Structure formats: C-alpha cells, structure tokens
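Written below as structure tokens is the structure these notes are about.
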Amino acid sequence: MINMGRRHHDMGGLEAGPVEPNEHDYAYWEKKIDAIRRLLADEKRKMFTVDEMRRGIEELGAKAYDEMSYYERWAASTANILIEKGIISINELGHRMSDVEARLKSEASE
C-alpha cells in the first residue's frame, strides 16, 4: 500500500488544543443549509450521499477549507456536487446568487 500522506483536512491525532463542546445558536442560513442537504440526500431524492459531500469538502483545497466555516463548506460542497451532476449549471447558480444579493441589498436599504 502506498502512503500518500495526510490531506489538509485530516487533522486526526494532531495537537490542536482542547475541544470546546459548547452548543451555540445556529444562524438561519446554517439551518437552511442543513435542511437542504437533508432533503437532497433523502430516500426520495437521493441526489447525493454524505460520502459525496465529504469528498466535496475534502476537495475544496487548503485555503478555502481554512477560510470557510463548517456550514460554508457544506454549502460549497453541495453546490459543487449539484453542478458536477448537471442538476444545476454554474450560470444558473450565479444568477440565483445575484438575485439573492440584490434582494438582500434592497431589504437592507428599506
């Protein structure tokens, strides 16, 4: 077996200091990402698996992995998998992101 070494996200067994097992309030968008992931991976839709999502997170690259929060990684992986499978296009995602950004700016100025 060839030892390929650790990938950036694989921190198991490394010194990292104490783990703070505190619960926190989840932001609305974090709850929404969790719900979307559950719906897309449920028995009815089966659009992707938890293993595919994990792979997508691991493939984000060191810089993105370090800079993104837990649920930002989920969102990025979910979007990448849906694009990879042809369920949505990059253009479609870009248009929807622009629509959301415009709506949020409009709501903030009201």
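The values are calculated or read from the model by the stated rules, or taken from the named source; none is laboratory data. Note that the structure is a prediction, hence the values are computed from the model and not measured. Note: ideal-geometry Cβ built from the backbone for every residue, glycine included; neighbour counts use all protein chains shown. Protein only, heavy atoms only, side chains kept; ligands, DNA and RNA dropped before computing areas. Shrake-Rupley method; radii C 1.70, N 1.55, O 1.52, S 1.80 Å.
Here are the numbers for this structure:
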{"quantity": "Answer label, with Cα extents along the principal axes in Å calculated from the coordinates and candidates (1) 54, 34, 29; (2) 59, 33, 20; (3) 38, 32, 26", "calculated": "(1)"}
{"quantity": "Relative contact order (%) - the chain, alpha-carbon pairs under 8 angstrom, separation at least six", "calculated": "21"}
{"quantity": "Given charges at beta-carbon only (K, R positive; D, E negative), |dipole| of the stretch 49-96 in Debye", "calculated": "100"}
{"quantity": "With Cα atoms, 0 to 90° folded angle of helix 28-40 axis to the chain main axis", "calculated": "80"}
{"quantity": "For the chain, size of Cβ-based charge dipole, Lys and Arg +1, Asp and Glu -1, in debye", "calculated": "480"}
{"quantity": "Range in the chain, longest, excluding exposed trypsin sites (Lys or Arg not before Pro) [loop by DSSP; at most 11 other beta-carbon atoms within 10 Å]", "calculated": "47-84"}
{"quantity": "Loop-located GluC sites (Glu not before Pro) in the stretch 34-68 whose Cβ has at most 13 other Cβ within 10 Å (DSSP)", "calculated": "Glu43"}
{"quantity": "Average accessible surface area per residue within the chain, 1.4 Å rolling probe, Å²", "calculated": "81"}
{"quantity": "Total lysine pairs under 19 Å (Cα atoms) in the chain, excluding pairs fewer than 8 apart on one chain", "calculated": "4"}
{"quantity": "In degrees, nearest ten, helix 90-109 long axis to first principal axis of the chain (Cα)", "calculated": "70"}
{"quantity": "Vicinal HN-Hα couplings computed from phi for the stretch 67-78 (Karplus, 6.51 cos²θ - 1.76 cosθ + 1.60; Hz; Gly/Pro x)", "calculated": "8, 8, 7, 3, 6, 5, 5, 4, 4, 5, 5, 4"}
{"quantity": "Positive dipole terminus of the chain, leading residue within Tyr71, Gly61, Ile87 (C-beta point charges)", "calculated": "Ile87"}
